[in-house]
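Read the structure below first, then the notes.
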Amino acid sequence: MLIQLWRPEFELDGINSGSWYHTHTHTHTHTTVLLLFWSMSGTTRVSRLVPLLNNQDISFMVRGRLYSSYVQSSILHGSETWPIRKANEVALQRAVIRMVRWMCGIKLQDRVPSKGLREKLGLDDIISVLLENRLHWYGLMLRKEDEYEMEGARPRGRPKKTWREIVEKDYQARKLNREDAMDHNRWRKQIRDD
């Protein structure tokens, strides 16, 4: 599960830096890891990007590349193995769109579509990037000779969806074959084309 909270009320050296918290709950161990992306102390790498991400003198494409390279890669770190639910996808999308709107200086009341803002910054939809990461990892797993299966009995009731069930649904929706995964370049191209 991935949840992000945006709190723009903090000031750091005259710059409205905000405070991003990233909570990642691993479903198998039920542990919660709280990472502070932007803190008031300004010691993290991402907090140093704040003046660049909302600077009106820097082009949107450069800001988009900075966001993609540092912030989005930090948010999606390890996402290849997340058994993410629809509610988590929605929460992730909302948090990212709030960040994109903040970077562009557009408020929700301005009624500018989010898709247009993402295109202006040169960013892909966060869910499609998440799906691409998941399918890339699945291709790596298919090319491995070993099978990795969890052992033990499932608890009573409807079980939670496993990562394997989610990724198999993803690749069936894109009409991919397991045989295509054996050729890394073809698999990568098919993942990106869709």
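The values are calculated or read from the model by the stated rules, or taken from the named source; none is laboratory data. None of these values were measured; they are calculated from a predicted model. Every residue, glycine as well, gets a Cβ built from its backbone with ideal geometry; the counts of neighbours run over all protein chains shown.
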- line: The correct count of residues that are at pLDDT below 90 and either outside the structural domain of Leu52 (by TED's automatic domain parsing) or on the phi > 0 side of the Ramachandran plot (or both) in the range 69-119 is 1
query: Of everything in the range 121-135 that's surrounded by fewer than 16 Cβ atoms within 10 Å (Cβ to Cβ) and not in a loop (DSSP other than H, G, I, E, B), which residue is farthest from the chain's Cα centre (by Cα)?
result: Ser128
- prompt: Cβ-Cβ below 9 Å, separation at least six or inter-chain, first residue in the range 69-91 and closer than 19 Å to Ser114 by Cβ, second assigned to a loop (DSSP other than H, G, I, E, B) and at pLDDT 90 or above: which pairs?
  reply: Gln72/Leu123
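Kindly indicate whether any position in the range 112-124 is among the hydrophobic types (A, V, I, L, M, F, W, C) and free of Cβ contacts under 8 Å to residues at least 40 places away in the same chain.
Within the range 112-124, the first condition is being among the hydrophobic types (A, V, I, L, M, F, W, C), and the residues that meet it are 112, 117, 121, 123.
When the remaining residues are screened for being free of Cβ contacts under 8 Å to residues at least 40 places away in the same chain, the result is 112, 117.
Taking every residue of the range 112-124 in turn, at least one turns out to be among the hydrophobic types (A, V, I, L, M, F, W, C) and free of Cβ contacts under 8 Å to residues at least 40 places away in the same chain.
Hey, among the residues in the range 136-147 that are touching a helix residue (DSSP H, G or I) at 6+ places or on another chain (Cβ under 7 Å) and either surrounded by 17 or more Cβ atoms within 10 Å (Cβ to Cβ) or not basic (Lys, Arg) (or both), which one's modelled with the lowest pLDDT? Before the answer, list the steps.
Narrowing the range 136-147 to residues touching a helix residue (DSSP H, G or I) at 6+ places or on another chain (Cβ under 7 Å): 136-139, 142-143.
Adding the requirement that they be either surrounded by 17 or more Cβ atoms within 10 Å (Cβ to Cβ) or not basic (Lys, Arg) (or both) leaves 136-139, 142.
Details: His136: 91, Trp137: 90, Tyr138: 89, Gly139: 89, Leu142: 85.
Per the stated criteria, the residue is Leu142.
Quick check: is even one residue across the range 99-107 in contact with a Pro (Cβ under 8 Å, 6 or more places away or on another chain) and either within 21 Å of Pro51 (Cα to Cα) or without any contact (Cβ under 8 Å) to a residue 40 or more places away in the chain (or both)? Even if it seems obvious, please write down each step before you answer.
Quick first cut of the range 99-107, residues in contact with a Pro (Cβ under 8 Å, 6 or more places away or on another chain) only: 102.
Pick out the ones that are also either within 21 Å of Pro51 (Cα to Cα) or without any contact (Cβ under 8 Å) to a residue 40 or more places away in the chain (or both) and you get 102.
So far as the range 99-107 goes, yes, one or more of its residues are in contact with a Pro (Cβ under 8 Å, 6 or more places away or on another chain) and either within 21 Å of Pro51 (Cα to Cα) or without any contact (Cβ under 8 Å) to a residue 40 or more places away in the chain (or both).
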